[in-house]
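Report on the structure given below.
The values are calculated or read from the model by the stated rules, or taken from the named source; none is laboratory data. On a predicted model such as this, the values are computed, not experimentally measured, just so you know. Positions of Cβ are generated from backbone atoms using ideal geometry, with glycine treated the same way; all protein chains shown enter the neighbour counts. Heads up: the accessible areas ignore ligands, DNA and RNA and are worked out on the full protein's heavy atoms, side chains in. Shrake-Rupley method; radii C 1.70, N 1.55, O 1.52, S 1.80 Å.
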Amino acid sequence: MISYLTKRLLAVIPIILFAIFLMFALIRLSPVDPAEAYLAAAHIHPTEEILAEKRQEFGLNESLIMQYVQTVKQIVQLDFGNSYVTNTPVWQEVVTRMPATIQLAVSSILLAVIVSVPLGFLSAVYKNSVIDHFSRFLAYLGASIPQFWLGYILIFVFAVQLDLFPVEGRGSWQHFVLPSITLSLALIAIYTRLLRASVLEELEKVYVTYGRTRGIKEKTIMVKHVLRIAISPMLTGLGMNLGKLLTGTIIVEQVFSWPGFGRFFIEAILNRDIPVIQGYVVLAACLFIVCNLIVDVLQLYMDPRISWKGRTES
Amino acid sequence: MQLLNRRQMLFTVLIIFTFTLLAGCSSEDASSESGDSTDKTPNSITLSWPRDIGSMNPHVYNPSQLLTQSMIYEPLVSYEEGGEIKPHLAESWDVSEDGLEYTFKLREDVTFTDGSSLNADIIKKNFDAVLENKSSHTWLGVINVIEKTEAVDDSTFKMVLSEPYYPALQDLAVVRPVRFLGESGFPEDGDTSQGITEPVGTGPWVLEDYKADEYAVFTRNPDYWGEAPELEKVTIKIIPDAETRVLAFEKGELDMIYGEGVISMDSFNHLKESGEYETDLSEPLATRSLLLNSTNEKLSDLNVRLALQHAFNKEAMVEGITLGLEEKADKILSTNFPYTDVDIDPIEYDMEKAVSYLEEAGWSLPDGKTIREKDGEPLELELMYDKTDPIQKSMAETLQAEWTAIGVQLNIAGVELTDQIERRKAGDFDIDFWYNYGAPYDPHSFINVVAEKGWGVAEAHSNLPMKAELDAQIEEALASQDEEERQELYNGILNTLQDQSVIVPVSYMKKTVVYQDSIEEFSFPANRDEHPFNEIKVSQ
C-alpha cells in the first residue's frame with residue numbers, strides 16, 4: 001500500500017514537469033509578445049525602446065532552455081509572477097478566488113452523488129420500472145441541455161417567478177442551490193447511467209448467485225458487495241470531474257455572478273495577462289493530478305482487489 | 001469487521017467535509033450580509049456593474065473602473081453640458097496670454113476623507129506622482145506638455161506648459177489620471193503606480209464595504225464640501241452577465257442598470273415595452289464610423305470613397321440593427337461637443353450617384369459580370385470587424401449586400417478585438433470600424449489622432465492630397481488661444497474631413513439606463529465617464 005502510494009507520488013513529478021513544459025511551449029508558440037501584452041495592460045504606449053527594455057526584464061532574450069529552467073524554478077517556489085493588470089502576485093489572486101470555486105465544486109459533486117447513487121442503483125435493481133424510466137429521462141435531459149441555458153431557466157423560474165432563491169451572487173446557502181443544480185445535472189446524468197450499467201454487470205457475477213444460495217440477505221449482497229464494487233467506475237469519473245469543477249466552472253460562474261477562479265481566468269485571457277494564464281494552467285494541471293490520485297487511493301479502500309492486482313503485478 | 005471500519009471512516013470523512021463546507025457558507029453569510037442581500041434602506045439604490053471596481057487608485061487604469069473612481073476622486077475643473085468647463089476643486093483660474101501658465105486658485109473648504117485639507121502641496125504631490133509615470137499617460141495631451149508644476153502658496157497651484165495647448169483644462173477634467181489622492185493614501189515612496197494604501201479622496205462618496213468580484217458599497221461623504229447628494233447609499237453588485245443583470249433587475253434585486261453596452265438592445269426594448277420600468281437614452285456619446293483607408297490603391301480615389309458612402313441606406317441599417325437605440329449620423333462628430341456645430345451637406349443614400357462616381361473613377365461593369373473592374377482588376381475590398389460584436393457583424397453583412405448592388409465586392413473578416421486594434425494601428429486594413437472618444441475628450445482628441453500616427457486614423461488619412469495642410473491646421477487649432485480663430489480652424493478641419501470621406505459616419509451611439517419607478521429623477525452626466533449618482537432622487 002505504502003509502496004504503491006510512493007510510486008504514484010513519484011510519478012506525479014514528471015507529469016507536472018511535462019505540464020509546465022506544455023504550458024511554456026504553448027505560450028511561446030502563441031503570437032502574443034509578453035512585453036507588448038504587459039505594456040497594453042499597463043496602458044503604456046509601446047515604443048521600440050520600452051519594448052526592448054521589457055523583453056530584457058522578462059528574460060525573453062535568453063535561450064529557450066534557460067527560460068524554461070527559470071520558469072520551472074519559479075513555479076516550484078509557487079512564484080507565478082505579478083498579474084500584468086492588477087500588479088498583484090498571481091498566487092494571491094488565485095488564493096482569494098479559490099474558496100468560492102471549491103465550495104461550488106464540492107456542493108455540486110455532493111449533490112450529484114446524493115442523487116445519482118440511489119437513482120442509478122435503484123434503476124439497475126428495478127430495471128425497466130418507473131424509476132428506471134425516470135432516470136433515463138433525467139439522463140437525456142442532463143446530457144442535452146446546455147448549461148448556460150439551464151442556468152437562465154432556473155433563474156427565471158425559481159428566482160424571478162417563484163422568488164425562492166436569489167438571482168445571483170454568493171453569501172447564504174440559498175445562493176448555492178441554483179448554481180449547484182445547474183452544474184450537477186450533467187454529472188447526475190452521466191453517473192446514474194454509469195452506476196446502473198456497472199451494477200447490472202455485477203449482478204451477473206457468480207458471487208451474487210453464490211451469496212444468494214448461501215442465504216445471505218438480499219440487502220446485504222446488494223449494498224455491501226454489489227454496490228461497493230460497482231461504484232468504482234463512478235469514482236474515477238468523479239475524480240476527473242472534480243478537477244474540472246475546481247479549475248473553474250466558467251459558464252456557471254458567469255451566469256450566476258459567482259466570484260470564482262473561472263471568471264478570473266476569462267478576464268485574464270481577454271487581457272492577455274500571461275502570468276495569470278500561466279499560473280492557471282499549471283495549477284489546473286496539478287489539481288487534475290491530485291484529484292486523480294485521491295480517487296485512486298479511494299478506490300484502493302473501496303475495492304481491495306485493485307491493490308492486490310498492483311502487488312501481484314509488481 | 002475491518003472493512004466496515006474503512007467504510008465508516010470514509011463516511012466520517014465525507015460528513016466532516018460536508019459540515020466544513022456548510023460552516024464555511026454560514027460564516028460567509030454573516031459577514032457579507034451588508035452587501036449582498038437586496039438593500040431596502042430608504043434613500044439607497046442598488047445597481048449592477050459588469051466588472052470588479054478594482055483597486056480605486058486614482059492614477060491607474062484597468063482594472064480600476066471609471067465609474068467608481070469618479071465617485072471618490074475629484075478634478076480641478078469639471079466638464080459640464082455642452083463642453084463648458086466649470087470650477088471644481090479650483091474655484092477660479094488664470095491662463096497667461098501666451099497660453100503657457102495656468103494658475104489655479106483652490107477652494108479652501110475642501111477636506112479629504114482622512115481629515116487633511118486640500119492644499120497646493122497635495123495637488124503638486126499628485127501631479128508629481130502622475131508625471132513620474134508619464135509613459136502610461138501619454139495618450140492624454142496635457143501630460144506631454146507639462147513642463148513644471150508649483151505650489152505658489154497654500155491655495156495657489158501653478159502649472160507651466162512647454163507649448164500652448166488649448167484643451168489643457170478639458171484634459172484636467174477627465175476621470176483619470178489627474179485626480180487627487182489624500183496624503184494618507186500615498187505609499188511610502190510616493191509611487192502610486194505600484195498601489196495606494198487606501199482610497200482617500202475629496203468626492204461625495206466613500207467606499208464603505210467591498211468584496212472583490214462581488215460588491216462595493218458607497219455611502220455619502222458626511223464632510224463633503226459641495227452640495228450633498230440626495231442618496232445616502234449606493235450598492236454596486238458585480239454581475240458580469242448581461243442576461244443575468246436583466247433577470248436580477250426584473251426580480252427587483254437591482255434598482256438600475258446603467259452603463260455602456262451593459263444590456264442587449266433586445267432586453268432594453270423588452271423592458272421598455274413592458275411599461276413597468278423607466279428607460280432613457282443619453283445624448284450621442286460618440287460616432288460609430290467606417291474608416292476607409294486612403295493608402296489602399298482603390299480607396300485612394302475620392303470618387304470611390306464617395307460612391308461607397310452614397311451606396312447604403314444608412315437610416316434603415318441603423319434602425320434595423322440597433323432597434324432604435326442608435327441614431328443615423330450625418331456628421332463625423334455630433335454637435336453636442338464644443339466647436340462641432342458646423343454646416344455640412346450630408347451625403348444621402350443615392351444609388352445613381354454612387355454608380356456615376358464609380359463610372360467616373362473608371363470602374364466599369366464588364367458584360368456578364370457583377371463586380372466592376374478597372375484594367376482587369378476587380379473592385380474588391382475587405383472590411384474588418386470585431387467578431388464578438390454583433391452590431392459590427394450585422395452592419396458588415398448589410399454593407400456587403402448593399403455594395404454588391406453597385407458592383408463592389410466586399411469581403412468581411414471577423415477578427416479578434418486585439419488583432420483589430422493592432423492591425424488598425426499598423427494601418428493594415430482596407431475598411432475598419434472606428435469610434436471617436438466622446439466627452440470630455442473630443443473634439444481635440446479626435447483631431448489629434450487625425451494628425452498623430454500610431455492610432456490608425458492618421459494612417460488612414462495619409463494619402464490625402466491636403467494631408468500636410470490639414471496637419472498644420474490641427475496643430476494650430478490645438479495651440480490657439482483665441483476662441484474665434486479656433487472655431488474657424490475647426491470649421492476648416494471638420495469640413496475637409498467630411499468632404500474627403502475617409503471617415504464615414506454611420507450612427508451616434510448612446511448610453512442606456514433602465515430603472516425602477518422608485519427612482520424619481522435621473523440625468524446622464526455630461527462627462528461620459530463620470531458617475532450619475534449625485535443627481536438621483538428616489539421616492540421615500
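Overview of results
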| item | result |
| --- | --- |
| Solvent-accessible heavy-atom area per residue, rounded to whole Å², over region B:286-509 at 1.4 Å | 41 |
| Dipole in debye (nearest 20) - region A:100-261, about Cα centre, beta carbon charges: Lys, Arg +1; Asp, Glu -1 | 720 |
| Check: the protein assembly as shown dipole with +1 on Lys, Arg Cβ and -1 on Asp, Glu Cβ, in debye | 7940 |
| Solvent-accessible heavy-atom area per residue, rounded to whole Å², over region B:100-228 at 1.4 Å | 40 |
| Distant-in-sequence amide H partners of B:S78 (H built 1.01 Å from N, under 5 Å) | B:K86, B:H88 |
| For chain A: rounded, prolate or oblate by the Cα gyration tensor [a/c cutoff 1.5] | oblate |
| Residues in region A:142-167 occluded by at least 30 Å² - accessible area, probe radius 1.4 Å, against chain by itself | A:Y152, A:V160, A:V167 |
| 5 angstrom amide H check on B:N57, placed H, neighbours 5+ away | none |
| In degrees, nearest ten, helix B:2-36 long axis to first principal axis of chain B (Cα) | 70 |
| HN-Hα J in Hz across region A:14-27 - Karplus 6.51, -1.76, 1.60, θ = phi - 60°, x for Gly and Pro | x, 5, 5, 4, 5, 4, 4, 4, 4, 4, 4, 5, 5, 5 |
| Rounded tilt (10° steps) of A:274-302 against the dominant C-alpha axis of chain A | 20 |
| Charge dipole (chain B, unit charges on Cβ, about Cα centre) - positive-most of B:S523, B:W225, B:L365 | B:L365 |
| Table column - 3J(HN,Hα) (Hz), region B:362-379, Karplus curve with 6.51, -1.76, 1.60, x for Gly and Pro | x, 8, 10, 9, x, 4, x, 10, 10, 10, 5, 9, 9, 6, x, 9, x, 7 |
| Charge dipole (debye, nearest 20) of chain A; +1 at Cβ of Lys and Arg, -1 at Cβ of Asp and Glu | 1860 |
| Per-peptide average of other Cβ atoms within 10 Å, ordering B:41-51, A:4-14, B:432-442 highest first | B:432-442, B:41-51, A:4-14 |
| Global geometry of region A:188-298, whether rounded, prolate or oblate, following the gyration tensor of its Cα atoms and the 1.5 cut on a/c | prolate |
| Protein heavy-atom accessible area occluded, A/B pair - total, 1.4 Å probe, Å² | 3900 |
| Dipole of chain A [Lys/Arg +1, Asp/Glu -1 at C-beta], most positive-end residue of A:L195, A:A100, A:A52 | A:L195 |
| Global form of the protein assembly as shown, assessed from the alpha-carbon gyration tensor, a/c cut-off 1.5 | prolate |
| Nearest 10 degrees, 0 to 90: helix B:390-404 Cα axis against chain B principal axis | 10 |
| DSSP bridge orientation in region B:286-509 - percent antiparallel, rounded to nearest 5 | 65 |
| Sulfur and carbon atoms: percent of accessible area, region A:100-261 [1.4 Å] | 70 |
| Region A:6-31 and region B:219-242: distance between their alpha carbon centers, rounded to Å | 48 |
| Leading residue at positive end of dipole, the protein assembly as shown (Cβ point charges), from B:M317, B:S267, A:L119 | A:L119 |
| Long-range HN-HN contacts of A:F80 with modeled amide H, under 5 Å | A:V90, A:W91 |
| Fraction of accessible area attributable to carbon and sulfur, region B:286-509 (%, probe 1.4 Å) | 45 |
